[in-house]
Amino acid sequence: MNGSAAAVASAVTFLWLGMVLAISFLEAPLKFRAPGVTLPLGLGIGRLVFRALNRVEAALAAALVVAGVTGRPPVTPAAAGLVAVAALAVQLAAVRPGLNRRSDRVLAGEEAPRSRAHHAYIALELVKVVALLVLGVSLLAALS
C-alpha cells in the first residue's frame, strides 16, 4: 500500500474509532444517568446522536473503501477494514430498523418490551472497535 493511501486510511480509521468509543461507550450509557433524563428523552437524544454517528461512519467507511481500492493494502488491514465495514452494514441494515421501531413505540407512549436488538448492536460495536484497532495498528506498521 502506498504511503499516502496508508496515511489517509490510518487517519480515517482512528477518527472512526474515536467516534465510536466516545459515543457508543461513553455518551450513550452516561446520558441515561443524568438527572431528569427520562427514557423517552434519552431515546430521542440517542436517535439523533446515533443517526448522525451512523452517517459519519458511512462516509468514513466509504473513504476507507476508496483508500483500500486505490492503495491495495496487505491482507491484515484489508480484512480488518472489511470486518469494520461489514459490521456497520449489518448494524444499519438489520439492527437499527428494529431499534427504531421500538423507540418509535416508546416515544409514542407505549410500554415496549426490552429489545435484544440492542445487545446485537453493542456486540457489533465491539466487533467494529476490535477491527478498527487492528486496521489502524496494521496501517501504522505499514507506514514505518
Discussion item. Could you compute the longest span of the chain free of GluC sites (Glu not before Pro) located in DSSP loops and having at most 11 other Cβ atoms within 10 Å, not counting the site residues?
Written reply: 1-109
Discussion item. Test of understanding: ordering Phe50, Phe25 by Cβ neighbours within 10 Å, fewest first, what list do you get?
Written reply: Phe25, Phe50
Discussion item. As I understand it, the value is the acute angle between the Cα axis of helix 75-90 and the longest principal axis of the Cα atoms of the chain; what does it come to in degrees, rounded to 10?
Written reply: 20 degrees
Worksheet item: Quick one: which of 127-133, 35-41 comes out on top by average Cβ neighbours within 10 Å, and what's the full order, highest first?
Response: 127-133, 35-41
Worksheet item: Along each of its three principal axes, how wide is the spread of alpha-carbon positions in the range 1-83, in whole angstrom units, largest first?
Response: 52, 19, 17
Worksheet entry | Relative contact order of the range 18-144, pairs being alpha-carbon contacts under 8 Å that are 6 or more residues apart, as % | 32 percent
Worksheet entry | Selected from Ala120, Pro40, Val85, residue furthest toward positive end of dipole (the chain; charges at beta carbon) | Pro40
Discussion item. If you fit an axis through the alpha-carbon atoms of helix 3-22 and take the longest principal axis of the Cα set of the chain, what angle between them do you get, 0 to 90°, nearest 10?
Written reply: 20 degrees
Worksheet item: Based on the mean of other beta carbon atoms within 10 Å per residue, what is the order of 90-100, 134-144, most packed first?
Response: 134-144, 90-100
Worksheet entry | Cα centroid separation - the range 76-96 against the range 7-26, whole Å | 14 Å
Fill in: CD proxy at 222 nm, helix term only [per DSSP H run n ≥ 4: -39500 (n - 2.57); per residue of the chain; nearest 500]
-26500 deg cm²/dmol
Worksheet item: To one decimal place, what orientation-averaged projected area in nm² is obtained for the convex hull of the Cα set of the chain?
Response: 8.6 nm²
Worksheet item: Measuring from label point to label point, each 7 Å out along Cα→Cβ, what is the Val130 to Ala52 span in nm?
Response: 3.0 nm
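Read-outs throughout are calculated quantities, based only on the coordinates presented, and are distinct from any laboratory measurement. Quick caveat: nothing in here was measured; it's all calculated off a predicted structure. Neighbour counts are summed over all protein chains in view; Cβ atoms, including those assigned to glycine, are modelled from backbone coordinates with ideal geometry.
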